[in-house]
Amino acid sequence: MKTDERHRTIAGLLRQRHEVTVDELTVACDASGATIRRDLEILAANGVLRRVHGGARSLIGRGENPGYGQRELEDQDAKKRIAAAVAGLLGDREHVWLDSGSTATEVARAVEARELTVMPMSLRSLNVLAGGEPIAGTRPALLLPGGSLVPGELSFRGPLAESNIRSLRFDTAVVTPCAVDLKAGLLAHDIDDAAVKRAGLESAARVMVAASAAKWDAQARALVAGLERVDVLVTDKNFNAEERAQLDEYSLEVVTV
């Protein structure tokens, strides 16, 4: 099993259980104890788990939002397909507001060689878009939102960020909700994140939502906006007939990857 596969396996087990031992992980990952211990140190440094004697402990409490490090390991292939589809729907020289989160970081990677103007809402996306030499002479121009920085998430929050967002007009807002509900709409885990997301979508001519299938089963409490505010939905979820009928009530385009 490759390193990234082991990391996803470990993270998946800690989604289901409060604690796992090194011995259990050696069996689950078909790896040596030394390899598993190195994996646990790396994952602990990335905020995926807490290292304890003889194993690891989950950082996810009941109803809490998993940390960025854990979310980054999950649904990687789906997020890359979603990001590629989002990039394909953006026109050259568009002004784009880009939400925070692991899916948004993948979108940043997908557009890092595009002629765009982007306001990224996390340092992770900002580093992707600003780092290194221009590819084929092109990199997006960047607008910085300011505000406070959330530890771990490295995302911008607060009144200053919201005010700076609302002072501009974007062609497209790429929103990556914490959860999506066919009735309630777009949801976030906390009111500060919801406020920033709301400022982004309300400042854009077009709202594009990028959400993996897991977001439709997730739990979140802070309302961002209803689905009537969405123009394009990009997802890997396969909707059943009833869900499709509910989506048809909204004037939005569904792009399935």
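Could you give each residue of the stretch 80-94 its phi-based ³J(HN,Hα) in whole Hz, using Karplus coefficients 6.51, -1.76, 1.60 with θ = phi - 60°, and x for Gly or Pro? With the stated coefficients, the stretch 80-94 comes to 5, 5, 4, 4, 4, 5, 4, 4, x, 8, 8, x, 4, 6, 5 Hz. Rolling a 1.4 Å probe across the protein heavy atoms gives the chain an accessible surface of 47 Å² per residue. By the equivalent-ellipsoid construction on the alpha carbon gyration tensor, the stretch 143-206 comes out with semi-axes of 19, 16, 9 Å, ordered largest to smallest. Of T235, L40, V107, which is farthest on the positive side of the dipole of the chain, counting Cα position, with +1 on Lys and Arg Cβ, -1 on Asp and Glu Cβ, and the Cα centre as origin? It is L40. Put a plus charge on the Cβ of each Lys and Arg, a minus charge on the Cβ of each Asp and Glu, and nothing anywhere else: the dipole of the chain about its Cα centre is then about 500 debye.
Note that the stretch 190-195 has calculated 3J(HN,Hα) couplings of 9, 5, 5, 5, 4, 5 Hz, one per residue in order, obtained from phi through the Karplus relation 6.51 cos²θ - 1.76 cosθ + 1.60 (θ = phi - 60°); glycine and proline are x. The per residue volume of the convex hull around the alpha-carbon atoms of the chain is 132 Å³.
May I ask you to list the trypsin sites (Lys or Arg not before Pro) in the stretch 114-183 that are in a DSSP loop and have at most 13 other Cβ atoms within 10 Å of their Cβ?
On the way: sites: R114, R124, R157, R166, R169, K183; in loops: R114, R169, K183.
Those that pass, being in a loop and sparsely packed, are R169, K183.
The distance between label points at E228 and A28 comes to 4.5 nm (points 7 Å beyond Cα on the Cα→Cβ vector). Taking 21 Å as the straight-line reach from the Cα of K80, the lysines in range (excluding those fewer than 8 positions away in the same chain) are K2, K215, K237.
If you restrict to DSSP beta bridges whose two residues both lie in the chain, what percentage is antiparallel, to the nearest 5? Roughly 45 percent of the beta bridges in the chain run antiparallel, per DSSP.
Within the chain, what whole-number % of the accessible surface is contributed by carbon and sulfur, with the 1.4 Å probe and all protein chains included in the calculation? Before the final figure, lay out each step's value.
Values: 5790 of 12150 Å².
Its accessible area is 48 percent carbon and sulfur atoms.
Our coupling estimate for the stretch 4-21, obtained by passing each phi through the Karplus curve with A = 6.51, B = -1.76, C = 1.60 and θ = phi - 60°, is 5, 5, 4, 4, 5, 5, 4, 4, x, 5, 7, 6, 9, 10, 6, 8, 9, 9 Hz, Gly and Pro reported as x.
In the elastic network of the chain, a GNM with C-alpha springs shorter than 10 Å, the most mobile of D231, D99, D30 is D30. Taking amide H atoms as placed 1.01 Å from N in the peptide plane, the amide H of V175 lies under 5 Å from those of M208, V209, A210, each 5 or more residues away in sequence or on another chain.
Full extension of the chain between A241 and E19 yields a length gain of 76.0 nm, computed as 0.36 nm times the residue separation minus the alpha carbon distance.
Which whole number of Å³ per residue matches the convex hull of the alpha-carbon atoms in the stretch 114-257?
Working: hull volume 16.9 nm³, N = 144.
So the per-residue Cα hull volume is 117 Å³.
Annotation: amide H of V255 within the under-5 Å range of L233, V234, T235, sequence separation 5 or more or interchain, hydrogens built in the peptide plane.
The values are calculated or read from the model by the stated rules, or taken from the named source; none is laboratory data. Just so it is clear, the model here is predicted, and its values are computed rather than measured. Positions of Cβ are backbone-derived with ideal geometry, glycine not excepted, and every protein chain shown enters the neighbour counts. To get the accessible areas, we keep the full protein, side chains included, count just its heavy atoms, and leave off ligands, DNA and RNA. Shrake-Rupley method; radii C 1.70, N 1.55, O 1.52, S 1.80 Å.
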